[in-house]
Amino acid sequence: MRKILLVLTVAALAALSLPATAGDDAGFGALAAHYEPIRKALLHDTLEGVRGEAAELTKEALALEADFSAERAGVAAGDAAKTRALLTRIATAAAKLAKAGDVDTARDLFAELSAPLIDYADLAGSELAVGTCPMAGESWLQPEGTIGNPYMGQRMAQCGNLEPR
């Protein structure tokens, strides 16, 4: 029961804490809406909801790639080819994450997902901050505020640097 309440709380907080971004309905914002609950689950050392959110993120990325336009993706026309390539990487990484069997593997796959998503966030003009974990040598996206390090979890939840945009 406690785990269910934690997952519901994390999901509710994630929905409230994500700022509006360009292309919220179908572009970057649609992907970020599934990414943030994954980050928060890993922050809390659990896989609860990770596989489902990663599967949904995969579907969103594939749908955006299949019916791609720069406008729908929320990027400049000159960034269309780069964004489309990023969507392929995002979908591949999210699909792997959806099959993660344990938290440590999920964290490794989250890093693989985060790299192209950070690049997409830059192209889409997202207001999400970039967190960097010096111990893991990896970065992630999150709303500004208190650092929530998904790579170290609760043992070092606020470790790292957060660069606001």
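Taking strands (runs of 3 or more DSSP E) as the structural unit, no element lying wholly within the stretch 81-165 holds at least 3 residues that are within 18 Å of GLU56 (Cβ to Cβ). Pairs meeting the criteria (first residue in the stretch 25-40 and over 13 Å from GLY148 (Cβ atoms) and without any contact (Cβ under 8 Å) to a residue 60 or more places away in the chain, second residue surrounded by fewer than 24 Cβ atoms within 10 Å (Cβ to Cβ) and among the basic types (Lys, Arg), beta carbons under 8 Å, at least 6 apart or on different chains) are ALA26/ARG72. Considering only residues in the stretch 58-93 that are crowded, with 17+ Cβ neighbours inside 10 Å and polar (S, T, N, Q), the one that is nearest to LYS40 (Cα to Cα) turns out to be THR58.
For every residue, the table says whether it meets (1) modelled with pLDDT under 95; (2) surrounded by fewer than 17 Cβ atoms within 10 Å (Cβ to Cβ); (3) on the phi < 0 side of the Ramachandran plot; (4) in contact with an Asp or Glu (Cβ under 9 Å, 6 or more places away or on another chain).
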residue	(1), (2), (3), (4)
ALA95	no, no, yes, no
ASP102	no, yes, yes, no
PHE110	no, no, yes, yes
ILE118	no, no, yes, no
ASP122	no, yes, yes, no
GLY125	no, yes, no, no
LEU128	no, no, yes, yes
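The values are calculated or read from the model by the stated rules, or taken from the named source; none is laboratory data. These numbers come from a predicted model, not from an experiment. With ideal geometry, Cβ positions are generated from the backbone for all residues, glycine too; neighbour counts draw on all protein chains shown.
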